[in-house]
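The values are calculated or read from the model by the stated rules, or taken from the named source; none is laboratory data. These figures come from a predicted structure and were not determined experimentally. Positions of Cβ are generated from backbone atoms using ideal geometry, with glycine treated the same way; all protein chains shown enter the neighbour counts.
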Amino acid sequence: MKHVNVPSIDNQFAEIGNLYNDQVEHHETMTQCIIRLANISASSPDLTTCIQRLKENYRDYDVKVLMEGYNFSLLVKTEKEFPEDLKQAQEIMKNLSRASKLLISNQTRLGEMMFTVLQLQNKVDMKISITEANTVYLDQVRLKENLEENLQKTDKARQLSKEYEEDANKVIRELAKISGAAF
């Protein structure tokens with residue numbers, strides 16, 4: 001995000017940028033977890049298929065998805081030591097659970113901040129603040145252009161953020177279905 005030389009506005013955009021970057025990171029983690037799970041299970045990157053394949057590949061082990069609230073994990077019940085692939089799958093599911101929860105928890109705050117910033121009256125107020133804080137006309141023009149660019153980036157981030165939230169909710173719903181939990 002570009003600076004507009006009004007600390008309160010710059011701080012708002014910086015916070016939106018940080019929250020959005022966290023969301024991107026969590027979304028990438030979710031995607032990588034699903035790909036790694038597909039590799040371990042030798043299946044397509046579809047959670048239902050991955051879990052089913054793990055159950056088939058390791059019939060000697062009682063492999064289940066356990067869901068408690070928004071937390072989910074891969075449970076392996078056995079008396080003996082289980083293979084490294086299953087241990088990795090458990091760790092991947094733990095990371096997938098964490099990433100999806102963090103993504104969704106950031107969404108509420110991020111959505112509210114973006115909504116506030118993108119409101120028409122707020123845009124007018126921000127432009128007035130920029131004009132008042134900067135007496136040189138060329139600075140005003142440049143900083144208002146920075147504001148417009150930030151608003152465009154925020155709108156694009158809002159759209160992508162909603163897609164990321166949908167992906168996280170899809171993961172949680174799919175794992176709830178696999179585990180037999182009502183969600």
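Six or more apart or on different chains, Cβ under 8 Å: which pairs go from a residue in segment 102-129 that's surrounded by 15 or more Cβ atoms within 10 Å (Cβ to Cβ) to one that's hydroxyl-bearing (Ser, Thr, Tyr) and not in a helix (DSSP H, G or I)? Could you list them?
104/70
When residues of segment 7-28 are filtered for being hydrophobic (A, V, I, L, M, F, W, C), surrounded by fewer than 19 Cβ atoms within 10 Å (Cβ to Cβ) and over 20 Å from residue 105 (Cα atoms), how many remain?
Going through segment 7-28 one residue at a time, the tally reaches 0.
Going by what's in this entry, would residue 68 be described as exposed (fewer than 14 other Cβ atoms within 10 Å of the Cβ), within 14 Å of residue 181 (Cβ to Cβ) and either modelled with pLDDT under 95 or among the aliphatic types (A, V, I, L, M) (or both)?
yes
Can you tell me which residue within segment 76-94, out of those that are among the hydrophobic types (A, V, I, L, M, F, W, C) and either more than 26 Å from the chain's Cα centre (by Cα) or surrounded by fewer than 15 Cβ atoms within 10 Å (Cβ to Cβ) (or both), is farthest from residue 170 (Cα to Cα)?
It comes out as 82.
Show the residue pairs that are 6+ apart or on different chains and have beta-carbon atoms under 8 Å apart, the first residue being within segment 6-33 and under 15 Å from residue 161 (Cβ atoms), the second being crowded, with 19+ Cβ neighbours inside 10 Å and of a type in the set (Phe, Trp, Tyr).
From residues that are under 15 Å from residue 161 (Cβ atoms), the pairs are 23/164; 24/164; 26/164; 27/164.
From (1) of a type in the set (D, E, K, R); (2) under 27 Å from the mean Cα position of the chain (by Cα); (3) at pLDDT 95 or above, pick out the condition that doesn't hold for residue 145.
It is condition (2) that residue 145 fails.
Look at segment 29-56 and say how many of its residues are of a type outside the set (D, E, K, R) and either in a strand (DSSP E or B) or crowded, with 17+ Cβ neighbours inside 10 Å (or both).
13
Let me confirm something: among 181, 176, which residue is among the hydrophobic types (A, V, I, L, M, F, W, C) and part of a helix (DSSP H, G or I)?
176
What single numbered condition from (1) touching a residue at least 40 places away in the same chain (Cβ under 8 Å); (2) touching a strand residue (DSSP E or B) at 6+ places or on another chain (Cβ under 7 Å) fails to hold for residue 86?
(1)
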